[in-house]
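Trainee: The structure follows.
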Amino acid sequence: MTALLRVRNLSTSFATESGLARAVDDVSFDLEQGETLGLVGESGCGKTVTALSILRLIAEPPGQYGEESRIEYEGVNLLELSARDLREIRGAQIAMIFQEPMSSLNPVLTVGSQIVEAIRAHGSESRREATERAVELLTLVGIPEPGRQINDYPHQMSGGMQQRVMIAMALSCRPKILIADEPTTALDVTIQAQILDLLMDLKVRFGMSVLFITHDLGVLAGIADRVAVMYGGKIVEEGEVHAIFERPAHPYTQGLLRAVPHIDRPTAQLRGIPGAVPTATEWPSGCRFHPRCSQRIDRCSTETPPDITTETEHIARCWVATPAGKS
Amino acid sequence: MTRFLVRRILHSVAIVFIVATITFLLVHIAPGDPATAQFRDRPVSPEIVAQYRRDWGLDRPLYQQYLSYLSNIARGNLGQSFSLNRPVSEVVLQALPNTVFLAVAALGISFAVGIVIGTAQGATPNSRFDHTLTAATLAVFSMPIFWFGLMMMLVFGQWLGWFPVSGATSPVYSALPFLGRVADRLHHLVLPALTLGLGGSAVVARFHRAEIAEAFAQDFIRTARAKGLSERDVVLRHALRNALLPAITMLGLSLPVLFSGAVLVEHVFAWHGMGLAAFDAVARRDYNVVTAIALFGAIMVVIGNVVADLAYRRVDPRTRAS
């Protein structure tokens, strides 16, 4: 069975004053029907650019996609679609929510008109039908008094409510895939939990696949089926969520896990990863993580590591990872 | 809201007072006075000149003239025109409709043209189209407006013969039927309004291009695209709507520019409005007319700004009183 969304050899680069920034470099992954895939990594690792590339929301120029890149949705390469055909996908088949709900909503339009606009962009509903549907959607995402709030402007709502509006808008055309780019990062912790619960509940009710992007590995433990870890514009480890958490094979993933606080181990000291993410204009040679890696060997700095399958459906791109069957 | 209005009106009164004072001082400091201007071409005895000054109260100390001027305008009395020997209010009211007619047309042209050009440029930044229009608007903006007016006359009046180049109406105006009069007025309006309006549109376009480009960098534009909206809807519904808010402020700010531009354009096109009246009055040192027109200008500008502020508060939901 082919996946709903197949990303193959995706490279997205930007022309900058200090050279070509290869923000996403040869990334491939699948998103299956009904699955939640978590894409995790530090700021600047390319996860948001990956998400935006899927719907071609990167401005070209300065952005450009590599010639080998393919983003196949139901077998169609989105990178080859005309602008008109692409619009049929955006919002209708694949919808997206963003990190900052406040700035992602237009400040001078009511939330209702922004949802109505999304509905009418893909359907033949009248304004009245679309407004009724918008009220239903606001009810669905847990906005109190939706009949009244539909006429509110974004600034009259809290951040959590704004994100609910974004979710309602994203779901308005019953998309098959929801891309959530750090949807809870800008919110209070208690609100974060509510939004996560809502997203997972709606995912099941709508039968959607979710690509969930975050810098917080802890968030993924409760919601993801599979996890892909990004570093330096590449996916360095990918596997089923329990395997990633219990048997991380890449030193970077191991480092990330040590940086996540555990509620059952209150005294354990949190350890960060020394150093910072390198810039996309000058990635390190070999394995891009080698300057920060505590387990590096000589070849790490010169040779790009291969895909090592450490167990079924669990791949790490690391010279020191142990292949399955050897120990 | 009421407090805001009261404060703005008090500000406005203060501004008008300051403008009245400065204009009064300026016209009196300028070399010459109504008497010298009046008898410039006629050799008359000094006694006659002195008598003229006495008659008009120009021999009194400046502070006395200033105080009586202030008390007069406070009572709505603009005084008498020296050179025309008519009440100033009559002179101004006669000139006002033509100027308002020209200014409204020019304002309409400058914003309609400027916003269309600015939006088109801002939506395709750094394209060849954008660069060409930037050069064109800069050229129009850099041209002295009277020269631009003369070129318009030369091309569309002299060479092509499409439009009349002088006056607000034809000599046969009063003999025309109603619709003919309307057509005649509009026909005369085209060149002066285009001259004044296109000069303004260059400023509006450059300003609006930046606003559109800034709006395009906002996150909600990405959201609009992610929803699957057409690029047309993204521009018109999302970017333009946000970029129009600053344009409202600009509308208020452009009134003084329009007013000062009108002085030159009216002169070039012999358009009998406030600008031409002001021009003649300055040449004749007609103090009362000059200060009255400056006062009118100040009042119009101040009202324009208050209206723009109110409009802004009305349109931007974030500043609307909740």
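The values are calculated or read from the model by the stated rules, or taken from the named source; none is laboratory data. This structure is a prediction, so every number in the text was calculated from the model and none was measured. Using ideal geometry, Cβ is built from the backbone for each residue, glycine included, and neighbour counts are taken over all protein chains shown.
Trainee: Looking only at residues that are at the interface with chain B (Cβ under 7 Å from one of its Cβ atoms), of a type in the set (A, V, I, L, M) and in contact with an Asp or Glu (Cβ under 8 Å, 6 or more places away or on another chain) in region A:91-108, which one is surrounded by the most Cβ atoms within 10 Å (Cβ to Cβ)?
Mentor: The selected residue is A:Met96.
Trainee: Further question: Going by the structure shown, is B:Gln158 more than 14 Å from chain A (Cβ to nearest Cβ), surrounded by fewer than 13 Cβ atoms within 10 Å (Cβ to Cβ), of a type outside the set (Phe, Trp, Tyr) and in a helix (DSSP H, G or I)?
Mentor: Criteria met by B:Gln158.
Trainee: Any chance region A:35-42 includes a residue that's exposed (fewer than 15 other Cβ atoms within 10 Å of the Cβ) and in contact (Cβ under 8 Å) with a residue 40 or more places away in the chain?
Mentor: no
Trainee: Identify all residues within region A:115-129 that are more than 13 Å from chain B (Cβ to nearest Cβ) and in a helix (DSSP H, G or I); write none if there are none.
Mentor: Across region A:115-129, the qualifying residues are A:Arg127, A:Arg128, A:Glu129.
Trainee: Could you list, in sequence order, the residues of region B:38-86 that are touching a residue at least 60 places away in the same chain (Cβ under 8 Å), aliphatic (A, V, I, L, M) and outside any loop (DSSP other than H, G, I, E, B)?
Mentor: Matches in region B:38-86: B:Ile73 only.
Trainee: Go through B:Ala224, B:Ala243, B:Ala217 for me and flag whichever is under 30 Å from A:Asp85 (Cα atoms), under 25 Å from the mean Cα position of the chain (by Cα) and within 14 Å of chain A (Cβ to nearest Cβ).
Mentor: When all the criteria are applied, what remains is B:Ala243.
Trainee: Limited to region B:122-140, what total is found for residues that are in contact with a helix residue (DSSP H, G or I) (Cβ under 6 Å, 6 or more places away or on another chain) and within 21 Å of B:Met152 (Cα to Cα)?
Mentor: 3
Trainee: Working only within region B:181-225, note down all residues that are touching a residue at least 12 places away in the same chain (Cβ under 8 Å) and polar (S, T, N, Q).
Mentor: Result: B:Thr195, B:Ser201, B:Gln218.
Trainee: Which members of region A:155-184 meet the condition of being among the β-branched types (Val, Ile, Thr) and out of contact with any strand residue (DSSP E or B) (no Cβ under 7 Å at 6 or more places or on another chain)?
Mentor: Across region A:155-184, the qualifying residues are A:Val165, A:Thr184.
Trainee: Listed residues B:Asp280, B:Asp233; which is within 14 Å of another protein chain (Cβ to nearest Cβ) and modelled with pLDDT of 85 or more?
Mentor: B:Asp233
Trainee: Then there is this: Specify the residue that is nearest to the chain's Cα centre (by Cα); the eligible residues are those in region A:62-90 that are within 9 Å of chain B (Cβ to nearest Cβ) and surrounded by fewer than 16 Cβ atoms within 10 Å (Cβ to Cβ).
Mentor: A:Glu88
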